[in-house]
Amino acid sequence: MRGWSELAPYNFIHALRLEEPLDLVAWRRATEAALQSLELGTAPVMVETPSLEIDQQLDRELNRAFAPGELPVRFFALHAAGGHWFGVVLDHWVADDFSARALLERIYALRQSRELPPLRRAAIFRARKNLWREGSAFLRQARGLRRAARPSYRDPLDFTARCFQSELPASALEAVRQLARRQHATIHDVFLAAAAQACGAMHLWKNGARRDSIGVASAMDLRRFLAEPAHAEFGLLISEYSIAEPHPENVSLPELVGKIATKTCRLKKISNSAVPAAGWLFWRLARSRSSQATMFQRGAPLMAGLSNVNLSGSWLETEPIAEFRRVVTTGPAVPIVLMITTRRGRIFVDTTYRTTAFTRADAENLLADFGRRLLADAYQPLPGSA
């Protein structure tokens, strides 16, 4: 799927805000030292300092492609009231969420003259596979998406993306935990259910009676399938799985969480490596930019993508970091991505949306509904028109 970069950028961004003056020299030295072991290229490392607010800079980086032969990582620093921002931008085809965070951690430590074990380039993912289970899981997900509503793009070749961050009320985390325990589910299952309901309730997708389901995809870290620990592995070690539920907005949240948990329990036990492999095959068969741009919309329609990371107890929680942003481009498959981060007892959602599918108001309304459903009385279904 690297060919997607020929159509649009596919970038991953991690940024943190410190309440102290910007020391650009220290950041530059730290980035150079952290990159030495990765062998990503020999180009000199620069830390850009644009005169932008953080949201403007994130939007800029989401839509800014890496040129062929360019170092697949860049850095920025921004002055902010009472401190500054520092950010890492990665070509997502080179590295994943875990890698971005690991690189940022080492740069942060080196800036303070501390050293952590160096990162090493990850080998191609080769876990123990059961081809029957992999193939069966792929077919089940493909069948589930046959009735999934297709996202609507005003211009399929317009890949402009924007982002914003939301913070859910303090009570949201405990509400989600309690619901997950009651339904013998994971916290991520609860997020999937609420996202499916919020997408279904928008009624933006008029696909007819035959396509009455909402498909949502989840990113999955593959490191847990490796025989050896991979805490210092830098690379693209992710897969995905998807769920599709008919009229999720008309089902109570607890019931939907239970149904989704039954499905994901099986899907999360395998690497789902057949999913990206099938995507690559169909991409290669597509003969035009338009057919490539609409491949997932037609063949594997998904309304949203989710990534969920719990940073409780991590360095991003224990260090004096005032704010943290975790943002990714929407990619080839979905019109909107919710990057859910738990930090210091709060749930933060960095939302990226394609402007050809969502207005800013649409995306904000979806997030507001997502939050309301998580906080609602678990045994009182919300009306689909919320």
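Observations
- Put a dot 7 Å past the Cα of SER37, heading toward its Cβ, do the same for ARG64, and the two dots end up 2.8 nm apart.
- Shape of the range 1-114, Cα gyration tensor, a/c cut at 1.5: oblate
- Once the 1.4 Å probe is applied to the protein heavy atoms, the range 1-71 comes out at 53 Å² accessible per residue.
- Whole-percent carbon and sulfur share, accessible surface of the range 10-63, 1.4 Å: 45 percent
- Each label point was placed 7 Å from the Cα along the Cα-to-Cβ direction; for VAL25 and ARG182 their separation is 5.9 nm.
- Applied to the range 82-89, the Karplus parametrisation 6.51 cos²θ - 1.76 cosθ + 1.60 on θ = phi - 60° returns per-residue 3J(HN,Hα) values of x, x, 7, 10, 10, x, 10, 10 Hz, with x for Gly and Pro.
- Stretch gain in nm, segment LYS268-SER113, where the contour uses 0.36 nm per residue and the Cα spacing is subtracted: 51.9 nm
- Surface accessible to a 1.4 Å probe, per residue, for the residues of the range 147-191, Å²: 48 Å²
The values are calculated or read from the model by the stated rules, or taken from the named source; none is laboratory data. Not measured: the values here are computed from a predicted model. Because the Cβ atoms are built from the backbone with ideal geometry, glycine has one as well, and the counts that use them run over all protein chains shown. What goes into the accessible areas is simple: the full protein's heavy atoms, side chains included, and nothing from ligands, DNA or RNA. Shrake-Rupley method; radii C 1.70, N 1.55, O 1.52, S 1.80 Å.
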